[in-house]
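In what follows, a structure is listed as structure tokens, so that the remarks can point back to it.
Just so it is clear, none of the values below were taken in a lab; they were calculated from the coordinates. Because the structure is predicted, anything quoted here is derived from the model rather than measured. Cβ placement follows ideal geometry from the backbone for every residue including glycine, while neighbour counts extend to all protein chains displayed.
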Amino acid sequence: MTILVAGATGHVGRPLVEQLLAAGHRVRAPTRAPEKADLPAGAEVVAGNPADTASLAGVFDGVTTAHLIAFGGDDFAPLANGAKIVAMAREAGVCRVTVLRGDVDKGCLERAVESGDLKWTYLSPVEFMSNTLEWAETVRSEGAEVLGRDVRFVELSRDAMVTEWHREGYSDEDIAFFLMMRTDPPEAGYTVLPTVEKVTGRPARSFARWVRENAAAFGG
């Protein structure tokens, strides 16, 4: 059995590929830049962009289980070709999928998944601990508790944040989303759930533990 992992070079896909290989599964990993994927030996790396249906021709051949992502392209926008992707998967014999969602509302991929006989599970992370790596430079110079140094938290004004995001190249749409998540997040954004422990049988990893495990990135 071959398991397809979309978004194999991302925050979720890369560790998923590693764990599936370690468990003895065959893994196929479509990516827009196979030559840069740097995935573990044993993964079948193929060219494929979830936002470009034509590029996915043949990627589901021999696959019965797939991990899909509901967004794609350079701007991580919701996929517009979800129905076509699901049709390709079904035709190839895929019978169960997990879907990594990127939005609170269901997109065309989720609706297509639910419209047929696929067995499905949604993954809806709100934020990733690894996103705080963008703080690494300031932490290296200013401190963090786990590293044994004081850290000073300075909250920027709305205008200052917007200016900085524009400087970093984010679009107006991205910035509007950032502001919404910081000032009026959906309930899912601040509700703690026991899902990880229920599914895996062990407590979720704390942020402090994650920082200790990645202390080198912050100068520890």
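At a glance:
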quantity	calculated
Length released on extending from E164 to A23, taking residue separation times 0.36 nm less the Cα-Cα span	46.4 nm
Backbone N within region 97-121 under 20 Å of label point (7 Å from L179 Cα along the Cβ vector)	104
Cβ-based charge dipole, the chain, positive-most Cα from V113, G102, H25	H25
Descending semi-axes in whole angstrom, ellipsoid equivalent of the chain, from the Cα gyration tensor	33, 21, 18
Dipole magnitude (debye, nearest 20) for the chain, charges at Cβ of Lys, Arg, Asp, Glu	920
Peptide ranges 110-119, 170-179 listed from the most packed, as the mean C-beta count within 10 angstrom indicates	110-119, 170-179
Nonlocal amide H pairs with R26, under 5 Å, H built at 1.01 Å	I3
Charge sum, other residues only, whose C-beta stays under 15 Å from W120's C-beta, Lys/Arg counted +1 and Asp/Glu -1	+3
Cα-Cα separations in region 130-218 greater than 23 Å, expressed as whole percent	45
Exposure proxy order (Cβ contacts within 10 Å, fewest to most) of H67, H166	H166, H67
Order by protection proxy (mean Cβ within 10 Å, highest first), peptides 1-8, 101-108, 79-86	1-8, 79-86, 101-108
Antiparallel %, DSSP beta bridges [both residues in region 2-123], to 5	10
Charge sum, other residues only, whose C-beta stays under 15 Å from H166's C-beta, Lys/Arg counted +1 and Asp/Glu -1	-4
Nearest 10 degrees, 0 to 90: helix 158-167 Cα axis against the chain principal axis	60
